[in-house]
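The values are calculated or read from the model by the stated rules, or taken from the named source; none is laboratory data. Since the structure is predicted, the reported quantities are computational estimates derived from the model, not experimental observations. As a convention, Cβ positions derive from the backbone with ideal geometry for all residues, glycine included, and neighbour counts pool all protein chains shown.
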Amino acid sequence: MTKRLLEVADLTKGFVTRGADGRIAQLKALRGVSFTLDRGETLGIVGESGSGKSTLARSVVRLIEPDGGSIRFDGTDARRLSGRERSQFNRRVQMVFQDPYSSLNPRMTVRAALAEAIGVHRLRPPAAVDGRIAELLDLVQLPQEAAERYPRDFSGGQRQRIGIARALAVEPDCLIADEIVSALDLSIQAQIINLLLELQARLDLAILFISHDLRIVRHISHRVGVMYLGEIVETGGAEQVFADPRHPYTQALIAAAPTLDPGRRGRQEAVHGELPSPIDLPAGCSFASRCVHVMERCLTMPPALLSVDRTRAARCYLTENAAPPALREKSP
């Protein structure tokens with residue numbers, strides 16, 4: 001069995017809308033997004049609102065169809081699948097949504113919701129469904145009596161556990177988690193993140209974890225992709241990216257992230273300037289108008305995703321002249 005599970009290359013997606021002048025225009029939500037995801041790995045996708053994170057998640061799971069690019073899953077072109085093969089892809093790649101309440105049918109008990117998911121793909125004979133439901137509740141750490149209750153009877157964190165259980169009911173290889181803890185209290189967020197880590201270790205799940213919260217992404221992810229205006233502007237190992245960010249946008253996000261240090265609270269502003277319109281993107285680097293290191297060519301020539309080292313890359317001209325990390329650490 002190969003380690004590589006998901007490979008997304010040059011994914012693009014636009015939405016028809018109206019510009020400020022009232023004319024029909026195209027909002028460029030995804031602009032050539034590429035990444036890979038291995039079995040048992042978590043890739044965190046982080047960025048501000050409007051960066052394209054949720055569009056990316058929905059495109060990968062094929063809730064919306066991208067305009068261009070490829071999605072290869074376990075060696076197969078997922079965009080060409082239909083019929084039974086498409087159904088199998090839908091089973092193996094499951095999405096957990098931000099709002100657990102709206103994603104659950106309020107008229108169905110937990111047992112009915114899980115049984116429906118199991119039955120659609122005929123994963124168990126009828127006599128074994130109740131046993132499988134009991135296993136799923138144990139997996140997400142809910143009591144067995146929860147099976148007879150309705151979504152309205154649970155807290156937000158419990159409903160998110162039910163959403164995870166429903167996704168696991170079809171025995172997926174990959175979970176797409178789109179802002180699944182953003183609506184929860186901090187203590188509950190930690191419980192759900194720890195649950196995901198336990199499930200990943202137990203089931204060898206690949207997880208694409210979408211979030212705007214850098215602290216959570218750093219905690220859960222093996223690798224990170226930083227998105228800005230529909231592009232990945234930096235990618236690499238989570239600890240590398242957070243300890244030594246190379247793109248000015250990543251640097252600004254990390255500097256502005258909340259901290260528990262009272263001496264640092266409120267001393268760092270968020271990214272300066274206004275986000276350019278995704279309808280009328282600048283000719284050069286899309287971050288140039290907000291960048292403190294902007295150069296003349298940044299205004300006219302969009303940079304490629306340039307290698308920092310064997311495992312890292314950043315979409316910034318400063319990367320071309322950056323010394324290797326070991327040399328930079330020794331410099332005065």
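One table, with the values for the structure above:
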| item | result |
| --- | --- |
| Failed condition for Gly44, given (1) modelled with pLDDT under 95; (2) more than 14 Å from Ser277 (Cβ to Cβ) | (1) |
| Selection count where residues are under 20 Å from the mean Cα position of the chain (by Cα), buried (at least 16 other Cβ atoms within 10 Å of the Cβ) and of a type in the set (A, V, I, L, M, F, W, C), scope the stretch 1-52 | 12 |
| Close pairs from the stretch 282-299: first in contact (Cβ under 8 Å) with a residue 24 or more places away in the chain, partner aromatic (Phe, Trp, Tyr), Cβ under 7 Å, at least 6 apart | Ser286/Tyr228; Phe287/Tyr228; Phe287/Tyr249 |
| Residue, farthest from Leu5 (Cα to Cα), within the stretch 172-205, restricted to residues that are in contact with a Lys or Arg (Cβ under 7 Å, 6 or more places away or on another chain) and among the charged types (D, E, K, R) | Asp204 |
| In the stretch 62-89, residue farthest from Ala9 (Cα to Cα) [restricted to those that are surrounded by 19 or more Cβ atoms within 10 Å (Cβ to Cβ) and in contact (Cβ under 8 Å) with a residue 60 or more places away in the chain] | Phe73 |
| Subset tally (residues that are closer than 26 Å to Ala201 by Cβ and within 28 Å of the chain's Cα centre (by Cα)) for the stretch 107-150 | 16 |
| Subset of the stretch 96-140 [under 12 Å from Leu168 (Cβ atoms) and either surrounded by 17 or more Cβ atoms within 10 Å (Cβ to Cβ) or basic (Lys, Arg) (or both)] | Val96, Leu114, Ala117, Ile118, Arg132, Ile133, Leu136, Leu137, Leu139, Val140 |
| Close pairs (9 angstrom Cβ cut-off, 6 or more residues apart or separate chains): under 23 Å from Glu65 (Cα atoms) in the stretch 14-27, hydroxyl-bearing (Ser, Thr, Tyr) and assigned to a strand (DSSP E or B) anywhere | Ile24/Thr17; Ala25/Thr17; Gln26/Thr17; Leu27/Thr17 |
| Selected residue (criterion: nearest to Glu320 (Cα to Cα)) from residues of the stretch 283-307 that are surrounded by fewer than 16 Cβ atoms within 10 Å (Cβ to Cβ) and polar (S, T, N, Q) | Ser307 |
| Residue among Pro172, Pro151 that alone is in contact (Cβ under 8 Å) with a residue 12 or more places away in the chain, over 25 Å from Arg84 (Cβ atoms) and of a type outside the set (A, V, I, L, M) | Pro151 |
| Restricting the stretch 287-320 to residues that are more than 14 Å from Ala252 (Cβ to Cβ), part of a loop (DSSP other than H, G, I, E, B) and touching a Lys or Arg at 6+ places or on another chain (Cβ under 9 Å), the residue that is modelled with the lowest pLDDT | Thr311 |
